[in-house]
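Below is one structure, written out as structure tokens; comments come after it.
The values are calculated or read from the model by the stated rules, or taken from the named source; none is laboratory data. Everything quoted here is computed from the prediction, not taken from an experiment. In this analysis, Cβ positions are derived from the backbone assuming ideal geometry, glycine residues included, and neighbour counts consider all displayed protein chains. Note: accessible area is taken over every heavy atom of the protein model, side chains too, but ligands, DNA and RNA are not part of it. Shrake-Rupley method; radii C 1.70, N 1.55, O 1.52, S 1.80 Å.
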Amino acid sequence: MLGIVAGVAMFMFLVLIHEIWHYIAAKKSWVSVLEFGIGIPPKVCTLRKDKDGTAYTLNRIPLGGFVRLKGEQPDDEGGLTAKTSFLQATLGRKLLILVAGVAVNALFAWLAFSLAFWKGVPPLFVVPDNMLSYESKSYLLPSAHFLQEEWFLSGGEMPT
């Protein structure tokens, strides 16, 4: 059970980082953010509303999040023609808003894996030499022969 809770917490952390960067990119591009939601609707409560009119909401299903921009929904009042609408933003600003979350996730993954490999990560599993039709030269799933070549193992008997 603890593993499930930890997995959901890690997933929500990554979603939160992702959505924060969509939010920052929209604000820097002068696009109005109507709602910053944690979780998937239906809405449980509004945590606060800032001076720009952004509502920060907590939603019922804790497996996601979203940033609702002005002009995304057809029923947004004045959303189609307002200067602060997503539809009125230049193509470059729209692309920045859309790519910001994905880019920060890629950067975060790169940093996390770089730190893990820098600190040293033990192999997940040592693949016996006769298990694969090729020799695995990966440090995460190495073959026994590869570990012996790299001087990580001495020439003893390997378990099969």
**Message:** Just the residues that are within 12 Å of Val31 (Cβ to Cβ) and surrounded by fewer than 14 Cβ atoms within 10 Å (Cβ to Cβ), please, taken from region 74-91.
**Reply:** Lys83, Thr90
**Complete:** Going through region 44-55 in order, the residues found to be open to solvent by less than 70 Å² (accessible area, probe 1.4 Å) and either closer than 10 Å to Val33 by Cβ or not in a strand (DSSP E or B) (or both) are Asp50, Gly53, Thr54, Ala55
**Prompt:** Hey, any hits in region 4-26 for a residue that's open to solvent by 70 Å² or more (accessible area, probe 1.4 Å), modelled with pLDDT under 95 and not in a helix (DSSP H, G or I)?
**Reply:** no
**Asked** For region 61-73, what are the residues that are open to solvent by less than 40 Å² (accessible area, probe 1.4 Å) and either closer than 19 Å to Trp21 by Cβ or polar (S, T, N, Q) (or both)?
**Response** Gly64, Gly65, Val67, Leu69
**Message:** Would you confirm whether or not region 32-41 contains a residue that is within 28 Å of Ala9 (Cα to Cα), open to solvent by less than 40 Å² (accessible area, probe 1.4 Å) and of a type in the set (Phe, Trp, Tyr)?
**Reply:** yes
